[in-house]
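The values are calculated or read from the model by the stated rules, or taken from the named source; none is laboratory data. Computed from a predicted structure; not experimentally measured. Neighbour counts are summed over all protein chains in view; Cβ atoms, including those assigned to glycine, are modelled from backbone coordinates with ideal geometry.
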Amino acid sequence: MQSVEIAKAVSQEAKVVILDEPTSSLSDNEVETLFRIMNDLRDKGVAMIYISHKMDEIKRIADDITIMRDGTYVGTWPAEEISMDEIITKMVGRELTNVYPEKKHKIDDEVVLEVKGVSSIHERSFQDVSFKLRKGEILGFGGLVGAQRTELLEGIFGIRGKSAGEVYVKGKKVNIEHPIDAMNAGIGLITEDRRGNGIFGCLSIKDNVGISVYNKYLKAGFVLDHPSINKVVDESIDKLRIKTPSSKELIQNLSGGNQQKVIVSRWLANDPDILIMDEPTRGIDVGAKHEIYEIMEDLAEQGKAIIMISSEMAELLGMSDRICVMCNGKLTGEIDDPKQMTQENVMQLATQF
Amino acid sequence: MEKTTTQKVQDFLINYGVILIMVILVVYTGATQSNFLSVGNFNNILLNMSSRLVIALGIAGCVITAGCDLSAGRIIGLGGCIAGTLLQKIDYSGKFYPDMQPWNVFLALAFVMLICACCGAVSGFFIAYLHVPPFIATLAMMEIVYGANLLYTNATPLGGYTPEYTAVSSGRFLFLNYQIWIAIIVAAITWFIFNMTRHGKYMYAIGGNPQAAEVAGVPVKKTMVIIYAKAAAMYGLAGFMLGARAGGASVNLGLGYEMEAIAACTIGGVSVTGGRGKVSSAIIGVAVFELMKAALQFLGVDANAQWIAIGVIIFIAISLDIRKYVARK
């Protein structure tokens, strides 16, 4: 789809082409192709504006780099004269020493989630997938776009149908047919498409956080306990440092990063044992990314188990304790050994069929 | 960036435009026609508002979930007719059930609301479980209810009601007509449901983003069925109220009332795009329509022209409503 869009722009013989996050759903090969096309266009005299959160891409393709922060123009520098760290500093407004937080969490032996032979009702989707997840672990799921990772985790969460397989939470077999079942089993899901099926744009932060926990804050069995709910929401805003004037603010007025934090708060308010995060930092600026990573590290330290789907290799390698790789719906391999967690190994498993 | 004064004025006009027009109309009519600003007239307007508000509060749930309910008018008719057949004086010459004692008023109301709720539940089932768009599902129900009402009453107009039933419209409590009290109670209950129960929050969530609602663990299907069933029960109540007021009912009672109800909700702030709206929205909207109708009547405008006025208001209201949420790029 993305390739079609790019082809459209190229075929229109435009003099100026604006590309807004063009590589978010492209594989590495396709990114190379795009860059080749862009270099060709540049040689022909076409001017291009390339908007991206991906630092390495910007450094590779840009002649000049313009930085904006919070709606204001920070400045423009020739790409060769500004280092990656300087770019990040100017984007965030302060120095950011390590993108990935120090790993302090310990992985327990207890298996909190076991998935055996889970298959989709659709033959072309995930088939016969089995894996285990331990307490305090961050399990990364790598693979190309289209590997059916999202579909697999949505199947486990009860959004998509399964034709076979068993799921065990903390040793007990669970029958998850609907997200409500998954919630009751202690699982939360932060979807990859925030705007599509994550946030309620026209509702307040309070409503966005509270939506999944109302069952826990009731008076007389059916009256909403607003004071308690407000407390939970305010605590979340504090703890996760969500930038907003108040909890009554509409979530659509927040930045992508803050919206993501609201969704994380929603699930944390339920105190799940297992948190599935699908592309947790997609469309989020560097500063907020770092905050999300710190949140994930905190959660793992607290003993939560996290499954992280990521298409950003650096993120996958930087945050995962263990990596499962999928290709065309099958689980092609697991990488346990930190020394084996390399781009080459992941890509090899991701491109097996 | 601070808004300029022009922008602020523009925003104000968009948000409250229709209400401004109403205020001007009311002031003008009050100034030029005697008796418009009288206690008697306002009581009359409040009485008219009562049944309309009950309908609007019911249909609000459907609009907040980005749906609609075309069957409201026909269900009002069904409610009014069923009530009519059960509450006729024993010695009425044209009594529908000649050998049956008239029912207790409260029992009759409960029965009417139950039957109507079932109609709504069926619509809700088709919408929630079989994914039929609300427009089509309620369109179908509209026809079915009309047909059922025709068969049931054999198209006979009903009248000769018991004094207990007509008292619903003529009786007063603390200077206010019973019907106004019914409307107040229904508004209070609806406010409670919208703001203090899970069901209310689920309703807004479904309206805001149905896919996100599923993922967030909202029982979407069940909630939708309840919304449409509850709405239909309220249409039944409104039919009961209208029948008491008129002292009679026919299969055409309430015909077309859904349009004004949806428009009233929209004027007051319920968005047809879903996820937004309050009880006050319905109250404001119904007040606007009833004041407009009364003012036009007092100004001597041809009764038939009222339809045009209603249509124009609907055009303006919905355009302004959509503008609020689309223009923000």
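Just a few scattered comments:
- Taken over segment B:57-78, the criterion of being over 20 Å from B:ASN252 (Cβ atoms) and among the small types (Gly, Ala, Ser) is satisfied by B:ALA60, B:GLY61, B:ALA66, B:GLY67.
- Every condition in (1) assigned to a loop (DSSP other than H, G, I, E, B); (2) under 29 Å from A:VAL31 (Cα atoms) holds for A:GLN260 except the one numbered (1).
- Top-ranked residue in segment A:23-56 [being in a loop (DSSP other than H, G, I, E, B) and of a type in the set (Lys, Arg); ranked as modelled with the highest pLDDT]: A:LYS44
- Leading residue by the ranking (modelled with the lowest pLDDT) among those in segment B:175-216 that are under 30 Å from B:PHE42 (Cα atoms) and either among the small types (Gly, Ala, Ser) or not in a helix (DSSP H, G or I) (or both): B:PHE175
- Unique match (being under 22 Å from A:ILE87 (Cα atoms) and over 20 Å from the mean Cα position of the chain (by Cα)) among A:ARG42, A:ARG60, A:ARG36: A:ARG60
- Restricting segment A:251-280 to residues that are touching a Ser or Thr at 6+ places or on another chain (Cβ under 6 Å) and within 11 Å of another protein chain (Cβ to nearest Cβ) leaves a set whose member that is surrounded by the most Cβ atoms within 10 Å (Cβ to Cβ) is A:ARG266.
- If you go through segment B:173-205 and pick out every residue that is within 14 Å of another protein chain (Cβ to nearest Cβ) and either under 20 Å from B:ARG245 (Cα atoms) or in contact with an Asp or Glu (Cβ under 9 Å, 6 or more places away or on another chain) (or both), you end up with 3.
- Within segment B:214-244, restricting attention to residues that are without any contact (Cβ under 8 Å) to a residue 24 or more places away in the chain and in contact with a helix residue (DSSP H, G or I) (Cβ under 6 Å, 6 or more places away or on another chain), the residue that is surrounded by the fewest Cβ atoms within 10 Å (Cβ to Cβ) is B:GLU214.
- Extreme residue, nearest to the other protein chains (Cβ to nearest Cβ), among residues of segment A:207-243 that are crowded, with 22+ Cβ neighbours inside 10 Å and among the small types (Gly, Ala, Ser): A:SER212
- Among (1) buried (at least 24 other Cβ atoms within 10 Å of the Cβ); (2) within 14 Å of chain A (Cβ to nearest Cβ); (3) not hydroxyl-bearing (Ser, Thr, Tyr), the one test that B:ILE262 misses: (2)
- Figure legend. Inter-residue proximity from segment A:60-86: first residues closer than 18 Å to A:VAL46 by Cβ, second residues in a strand (DSSP E or B) and at pLDDT below 90, beta-carbon distance below 7 Å, spacing 6+ or different chains. No pairs are indicated.
- Count of segment A:247-305 residues which are of a type in the set (Val, Ile, Thr) and closer than 18 Å to A:LEU113 by Cα: 2
- Residue match in segment B:110-133 (condition: at pLDDT 95 or above, in a helix (DSSP H, G or I) and touching an Asp or Glu at 6+ places or on another chain (Cβ under 9 Å)): yes
- Total residues in segment A:195-206, condition facing chain B (nearest Cβ under 9 Å) and either touching a residue at least 60 places away in the same chain (Cβ under 8 Å) or crowded, with 22+ Cβ neighbours inside 10 Å (or both): 4
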